[in-house]
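Computed from the coordinates by the stated procedures, all read-outs in this text should not be read as laboratory data. Here the structure is a predicted model, which is why all the values come from computation and not from measurement. Positions of Cβ are generated from backbone atoms using ideal geometry, with glycine treated the same way; all protein chains shown enter the neighbour counts.
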Amino acid sequence: MDVVKEVLAKHQKELEKYKPITVDKHLECRLDVGTLLITDPNDFDDRELRDNREEYLTALTRDNTQLLLNAIWELPTERVDESIVAKLPEPTTVLPRLRKVPGPRPLTKWEQFAKEKGITKKKRDKKTYDDTLDKWVPTYGFKHAEAEKSKDWVLEVPQNADPNTDMFQKKIDLRNEKVAKNEIQRMKNIVRARKVDMPRSGYLGPEAASSSQLLTAVTVAKSSTASVGKFQNKLPKEKEARGLGVKELIPGGKRKASHITNNEREANLDLIKSVLHKKPKLNVDKAISMQKEEDRLAREAEGAPARKAKPKGKGSRKAVGKKPKGNHGQRAPGKKAQAGRKRR
Amino acid sequence: MSLLRIRKPKTRKGKKMLMAREPQLIEAARTMLFVDGRKCGGSVKQFMKDLNQLKKPLVKVLNRKNDITPFEDPSSLEFLTMKNYAAQFVFGSTSKKRPDNIVLGRLYENEVLDMFELGIKQYKAISEFMNEKIGACVKPCLVFNGPQWSQTEELRRLRNLFIDTFHREKVDSIRLQGVEHVMSFTVTDNMNILMRSYKILLKKSGQKTPRIELEEIGPSADFVIRRTKIASEDLYKQARKQPKQLKVGKKKNISTDAMGNTKGRVHMGKQLTGSIQTRRVKALRKTPEEKKENRQKKKVALKAAAAEVLAASH
């Protein structure tokens, strides 16, 4: 017991040699060791602050720093490259971020469908063994196109197609169509993700739209009648929109040809027959006039050769077989169709 | 989000750059932009230089003078800060009305979040202290003295701004011998902020933890708060939101049995049996009798519910 007391007394004496590391504070200081921060809520000694400002501040800071370092020295340490390192805890002061927290990316239409049905992505093998070429060929990426080209040095034209179709061009066109469709789908996905209200024909407004887009918009708008725009009047110089994707925008434009009924089929067949087996029509008036001409010639050949021959060629032909026509219901025969607004 | 663009990036490098411009989960260390005003000299210039020293290398200094009035029109400051990929700015200027003026600010979503205009009353630069300094890139300890720091919203925000400005970056661990720098901010009764900066000397104490002695180095400034522009509570709250993915969650559904084996419970979600990809088998189809039964059941349930509602309304 005495030994213990002696040792303790000795230790105490040694400590007295050094300055203390404990700090007495009225109110507890708030520590955030993660950011090496200490906040001291105690009031100041105003007189000291006024009279010996710098010394007072230094002493105050020293006390607070001592408290902070005491806390740091309590932390678990490890040895890293000849120095002792303390592991800091998570900081409690929350500092604002620069940007928003990133949200989850909205799923595309296909991704949603795949998630529902449980379809997972299957990774394609980079190389497959091709029998025709007898070597390992990449399925995508570098050297894939080359391998495909060497396989497709000849393309058969199928039985039911026109023998003059360019199969290579068809292949390219098919690929281009797919690319265009993919682009449209990608745009749709973007529009869906951004939740922007977009009209069907993609009309962006009069300032941004190009002439072809405006034309497409007009075509789509025209087709919004019960008869899908078939009986809409056309302006004199109005054109219809052409190109990929326009038919898709017209509602009902993608339907199959189910409207062809039996009667129509027969009518079409009759039409084909009449076109292919055309017989020359008999122009009765012309035949009569030609006959008259022949008779007259025959008479003249017998009769007086001194008589002046009737003018032949274009002159006679003009006046001869022509029936008087009624100017198609127009009032003034020479006047053009009125351009501009009809003034009442 | 780079996937939601109309013009897709054509190169991998371009894609990486676009991805870097989007909001990130873990943000990079915040850099500060140093902007000079129409007239900038004297203490202001000295302070900006010293602040540059303290914050190196997370700084971007603009050399030209700019005719900007941050409190009238912060848009040009926002633009400059955004273009230089900075999160904070310090704008120094001097004029007859506001001599030795410093505007400390930070941004959120390319808009000014908080801005504090401080006037320098007294300034002593680093070079005026004739003693040995500490090295560069040292993370400082921050001390806030005074009860007023947590009393008003403005001062709380200012404290947060000072921490943001001076704490450099978040670290996981610190070398015990590397705790060399401490900065103290004291707010007096007449709303003056006294900033002091000291070097920490570790002395023997007979115990493991050393005794601290301080020696003043680095800038000493007395600020007076002139104007402030602080964000609303909602915006500030939103800005401080941290992503959930970074929160360390406790592991649930894990237990150990008597033999020391770890067991886990897996909870399956609800299966939408209607939309699972299966082959349609004729045998599993509902017969017309079953369908009729279902319909009858539904009718009865509806009637009961309607009767309940009627009874409840009476």
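Using C-alpha pairs under 8 Å with a sequence gap of at least 6, the mean separation divided by the residue count of segment B:27-228 gives a relative contact order of 21 percent. Which entries in A:10/B:208; B:49/B:124; A:123/B:244; B:65/B:96 show an alpha-carbon gap greater than 23 Å? Table pairs above 23 Å Cα-Cα are A:123/B:244. Rounded, prolate or oblate, given the Cα gyration tensor of segment A:2-86, with a/c below 1.5 counting as rounded? Oblate, because a/c is 1.5 or more while a/b does not exceed b/c. Amide H contacts of residue B:181 (H built 1.01 Å from N, in plane; Pro and chain starts excluded): B:141, B:200 sit under 5 Å, all sequence-distant by 5 or more or on other chains. Using +1 at the C-beta of Lys and Arg and -1 at the C-beta of Asp and Glu, which of A:60, A:75, A:95 has the Cα lying farthest in the positive direction of the dipole of segment A:58-99? The residue sitting farthest along the positive end of the dipole is A:95. Sequentially through segment B:218-235, phi angles give Karplus couplings (6.51, -1.76, 1.60; θ = phi - 60°) of x, x, 10, 9, 10, 9, 10, 7, 9, 10, 9, 9, 10, 6, 5, 4, 5, 5 Hz, Gly and Pro residues having no value and appearing as x.
Rounded to the nearest 0.05, what FRET efficiency do residue B:299 and residue B:271 give with R0 = 30 Å and r taken as the Cβ-Cβ distance? Could you check? My answer for the efficiency is 0.60. Convex hull volume of the Cα atoms of chain B, normalised per residue: 386 Å³.
As a rough guide to protection, the peptides B:306-312, B:148-154, A:38-44 ranked by mean Cβ packing within 10 Å, highest first, stand as A:38-44, B:148-154, B:306-312. Peptide B:108-115 has a mean of 2 when you count, residue by residue, the C-beta atoms of other protein chains within 10 Å of its C-beta. Computed over chain B, the per-residue total of -39500 (n - 2.57) for DSSP H runs of n ≥ 4 gives a 222 nm mean residue ellipticity of -8000 deg cm²/dmol, rounded to 500. Using a 10 angstrom cutoff on alpha carbons, build the Gaussian network for chain B and name the most mobile of B:128, B:290, B:180. Checking each option, the largest mean-square fluctuation is seen for B:290.
Where a ≥ b ≥ c are the square roots of the eigenvalues of the C-alpha gyration tensor, would you call segment B:1-153 rounded, which needs a/c under 1.5, or, failing that, prolate if a/b is larger than b/c, or oblate?
prolate
Cross-link pairs exceeding 27 Å between alpha carbons, from the set A:87/B:247; A:127/A:171; A:195/B:270; B:270/B:291; B:60/B:229: A:195/B:270. Report the residue, chosen from B:192, B:294, B:160, that carries the largest GNM mean-square fluctuation when chain B is represented by alpha-carbon nodes joined by springs under 10 Å. Among B:192, B:294, B:160, the largest mean-square fluctuation in the Gaussian network model of chain B belongs to B:294. Placing unit charges on each Cβ (+1 for Lys and Arg, -1 for Asp and Glu) gives the protein assembly as shown a dipole about its Cα centre, and among A:33, B:197, A:107 the Cα reaching farthest toward its positive end belongs to A:107.
The magnitude of the dipole of chain B, with charges of +1 and -1 set on the Cβ of Lys/Arg and Asp/Glu and taken from the Cα centre, is near 2660 debye. Dipole magnitude for the protein assembly as shown: computed about the Cα centre from +1 point charges on Lys and Arg Cβ and -1 point charges on Asp and Glu Cβ, it is near 7260 debye.
Over all projection directions, the Cα-based convex hull of segment A:42-84 averages an area of 4.2 nm².
Once R0 is set to 41 Å, what does the formula 1/(1 + (r/R0)^6) return for the Cβ-Cβ distance between residue A:226 and residue A:266, expressed as a FRET efficiency to the nearest 0.05?
It comes out at approximately 0.90.
Computed over chain B with a Gaussian network model linking Cα atoms closer than 10 Å, the most mobile of B:103, B:248, B:143 is B:248.
Per-residue shielding of A:66-72, expressed as the average number of other chain Cβ atoms within 10 Å of the residue Cβ, stands at 5. Take each residue in A:26-33, count the other chain C-beta atoms within 10 Å of its C-beta, and the mean is 1.
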